Amino acid sequence: MKVQVYRKEWAAAQAVSDQLATIQGYGLVDNFADLWKLNNEDNPESIFSLKYIDGSNGHGLSTAFIPNAGAAGIVNRGDEVALPSWSLIKLYDDADKEKRQPCR
């Protein structure tokens, strides 16, 4: 599907997306903000994920995306090594409320 989107082959990308949704059960959640809630860790949008289990998950990627100060109610620390590039940040519209939302 990524190749079809890159090539702007929208109908082919839609066909692959529909196939993922119907055959594999993948899909989008109704509310984007719900993706970041701990009780929604296993949701229809999760194709590949690493679960974070505080104190017992020795995998380095488990805290790579967590801010240094942690995430309230989830973990009190993080590595914050996997950050978006400045060129990606500049692509967001300044009025985009999701860009400014802290990790919850």
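Odds and ends about this structure:
- Scanning the stretch 1-36 for residues that are of a type outside the set (A, V, I, L, M) and not in a helix (DSSP H, G or I) yields R7, K8, E9, G25, Y26, G27, D30, N31.
- Listed by first and then second residue, the pairs linking a residue in the stretch 21-48 that is within 18 Å of K97 (Cα to Cα) to a residue that is surrounded by 10 or more Cβ atoms within 10 Å (Cβ to Cβ) and modelled with pLDDT under 80, with Cβ atoms under 7 Å apart and 6 or more places separating them unless they lie on different chains, are W36/C103; W36/R104.
- Residues of the stretch 7-37 that turn out to be exposed (fewer than 13 other Cβ atoms within 10 Å of the Cβ) and under 30 Å from I66 (Cβ atoms), as a count: 8
The values are calculated or read from the model by the stated rules, or taken from the named source; none is laboratory data. All values reported here derive from a predicted model rather than from experimental measurement. Counting neighbours? That spans all protein chains shown, and the Cβs are built from the backbone with ideal geometry, glycine included.
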